[in-house]
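Working notes for the structure below.
The values are calculated or read from the model by the stated rules, or taken from the named source; none is laboratory data. Keep in mind it's a predicted model, so treat the numbers as computed, not measured. As a convention, Cβ positions derive from the backbone with ideal geometry for all residues, glycine included, and neighbour counts pool all protein chains shown.
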Amino acid sequence: MHKIDISNEMLKRGKGREGQPLYSRLNGPATALVVIDLQNMFMLPEMPLEVPVARAIVPNVNRLAQAVRDAGGAVVWVQMTSDDNFDGWTRWYDRAPPDRRDEVLRQLKRGEYGHALHAELDVWRDDLKIEKTRFSAFIQGASGLDRALRARGIDTVIVTGTLTNVCCESTARDAMMLNYRTIMVSDATATLADEVHNATLANILGYFGDVRSTDELVAEFAADDRKAAAS
């Protein structure tokens, strides 16, 4: 798990007007947990794009998924998917050596082992599965995520998965700019180095949304359930 280290200045910037977390009141049915790219390609040893820390966040992702389901929200498993469209994204594909690029693209094809969600994830039949072809799941033409969420009345997006500073951050930034209340989970996202992870969390706090821990969010959903039961 990453060691979280965000400056007090950035933590203050991420607070709401009353000094509380920016999005401290969550409406369960209007909330979606968006899990980014926890596929074998990124999760398993010796895979070309392995992110070792990503394996450590799986229990937290599963806890959040259950809390969101129990609150009436949506759980969305987003999978990076290759489409062989080199012409449409040459600025990215040209960065990698051809042999490595070809192996990554092969493994991220639908039906390949690398494309599959990691076996330890608690995926339910009624959860949504969305394929994306760019880092951000919200960028125009990358996926049907925005359409699927709006059809369900979702206004709050909780971002988890990997890599914190690439697909998670890209998705979170675009979610905010599409007017979703956006939360990134500090201990349910993963990348290759603590300092990179923390830089992204600070950037989200400063400009794009909220950063919370798994325990905080699970407790908040539980508190809402207790209030609903008492009313």
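Numbers below:
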| item | result |
| --- | --- |
| Failed condition for Ala116, given (1) surrounded by fewer than 21 Cβ atoms within 10 Å (Cβ to Cβ); (2) at pLDDT 95 or above; (3) under 24 Å from Gly209 (Cα atoms) | (3) |
| Pairs, first of a type in the set (Phe, Trp, Tyr) in segment 164-188, second buried (at least 20 other Cβ atoms within 10 Å of the Cβ), C-beta under 6 Å, six or more apart | Tyr180/Val157 |
| Single match in Gly153, Gly161 (criterion: within 15 Å of the chain's Cα centre (by Cα) and at positive phi) | Gly161 |
| Within segment 1-73, helices (runs of 4 or more DSSP H) holding 3 or more residues that are within 19 Å of Thr214 (Cα to Cα) | 58-70 |
| Ser170 surrounded by fewer than 19 Cβ atoms within 10 Å (Cβ to Cβ), modelled with pLDDT of 95 or more and either in contact with a Ser or Thr (Cβ under 8 Å, 6 or more places away or on another chain) or under 15 Å from Ile57 (Cα atoms) (or both) | no |
| Among the candidates Asp37, Asp70, residue that is under 30 Å from Leu217 (Cα atoms), buried (at least 21 other Cβ atoms within 10 Å of the Cβ) and of a type in the set (Asp, Glu) | Asp37 |
| Answer from Leu33, Leu26, Leu38, Leu22 - the residue that is more than 20 Å from Asp174 (Cβ to Cβ), touching a residue at least 40 places away in the same chain (Cβ under 8 Å) and of a type outside the set (Asp, Glu) | Leu26 |
| Residue count for segment 1-41, restricted to those that are over 16 Å from Leu201 (Cα atoms) and more than 19 Å from the chain's Cα centre (by Cα) | 6 |
| Of all residues making up segment 50-67, the number that are over 21 Å from Ala148 (Cβ atoms) and surrounded by 21 or more Cβ atoms within 10 Å (Cβ to Cβ) | 4 |
| Selection count, segment 42-68, where residues are under 20 Å from Ile130 (Cβ atoms) and over 16 Å from the mean Cα position of the chain (by Cα) | 1 |
| Tabulated pairs, segment 122-136, first under 14 Å from Gln39 (Cβ atoms), second in a strand (DSSP E or B) and of a type outside the set (Val, Ile, Thr), C-beta under 7 angstrom, 6+ apart or interchain | Val123/Trp77; Val123/Leu117; Lys129/Trp77; Lys129/Gln79; Glu131/Gln79; Lys132/Met80 |
| Single residue of Leu117, Leu121 found to be among the hydrophobic types (A, V, I, L, M, F, W, C) and in contact with a Phe, Trp or Tyr (Cβ under 7 Å, 6 or more places away or on another chain) | Leu117 |
| Test: Trp77 is in a helix (DSSP H, G or I), aromatic (Phe, Trp, Tyr) and over 22 Å from Ala219 (Cβ atoms) | no |
